[in-house]
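Structure first, then comments.
The values are calculated or read from the model by the stated rules, or taken from the named source; none is laboratory data. This structure is a prediction, so every number in the text was calculated from the model and none was measured. Note: ideal-geometry Cβ built from the backbone for every residue, glycine included; neighbour counts use all protein chains shown. Calculation scope for accessible area: heavy atoms of the full protein, side chains included, ligands and nucleic acids excluded. Shrake-Rupley method; radii C 1.70, N 1.55, O 1.52, S 1.80 Å.
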Amino acid sequence: MPGRPDSFARYSYVHAEVLFDRLDGTVARILDGKRTLGADEARDAAAGWLDAYVNQTYRSLKSYRDDRPDLGHLDAAESVPYALEVLFALHRRVRPYDKFLRWELERRPLGDPR
């Protein structure tokens, strides 16, 4: 969950299925909490990741300005994960791992933000 050291692994729960739950839906509720972002959580995540994206993009632009295109390109590339986090948070979704990004977007494209 947010703020926990293992929050990076949330995507691994997105397509998980509860096959058996002896706790009257408790396991399903926990799973739902891991695979989607609540409204407040999404808003906070989008704001935080947007700040990181803008900061990284600003660094990139400064490097290009200072005639260091190789560093500018590297900083620009490092901004992409932050941009993806913002986009998925705006849709209250957990960002997929890079290797599943195309697969996820082909099956569940980002639509209008809620």
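Just to be sure, is Y97 of a type in the set (S, T, Y), under 17 Å from Y13 (Cα atoms) and under 14 Å from the mean Cα position of the chain (by Cα)? For Y97, the condition - of a type in the set (S, T, Y), under 17 Å from Y13 (Cα atoms) and under 14 Å from the mean Cα position of the chain (by Cα) - is met.
Just one of (1) in contact with a strand residue (DSSP E or B) (Cβ under 7 Å, 6 or more places away or on another chain); (2) modelled with pLDDT of 95 or more fails for R92. It is (2).
Scanning segment 56-93 for residues that are surrounded by 16 or more Cβ atoms within 10 Å (Cβ to Cβ) and of a type in the set (D, E, K, R) turns up R59, D75, E85, R92, R93. Take the residues in segment 6-52 that are under 18 Å from Y97 (Cα atoms) and among the aromatic types (F, W, Y), then tell me which one is most open to solvent (accessible area, probe 1.4 Å). Taking the candidates together, the pick is F8. Residue check: S60 meets all listed conditions (1) touching a helix residue (DSSP H, G or I) at 6+ places or on another chain (Cβ under 7 Å); (2) closer than 20 Å to S12 by Cβ but one, namely (2).
Restricting to segment 36-70, what's the tally of residues that are assigned to a helix (DSSP H, G or I) and within 22 Å of F88 (Cα to Cα)? Steps first, answer last, please.
Restricting attention to segment 36-70, the residues satisfying the condition of being assigned to a helix (DSSP H, G or I) are 39-65, 69-70.
Then keep just the ones that are within 22 Å of F88 (Cα to Cα); that gives 39-58.
Residues flagged as assigned to a helix (DSSP H, G or I) and within 22 Å of F88 (Cα to Cα) within segment 36-70 amount to 20.
Residues checked against (1) outside any helix (DSSP H, G or I); (2) at pLDDT below 95:
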| site | (1), (2) |
| --- | --- |
| M1 | yes, yes |
| R4 | yes, yes |
| D21 | yes, yes |
| K34 | no, yes |
| G72 | no, no |
| S79 | no, no |
| V86 | no, no |
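Taking segment 56-114, which residues are more than 23 Å from D44 (Cβ to Cβ) and among the aromatic types (F, W, Y)? Result: Y64, F100, W103.
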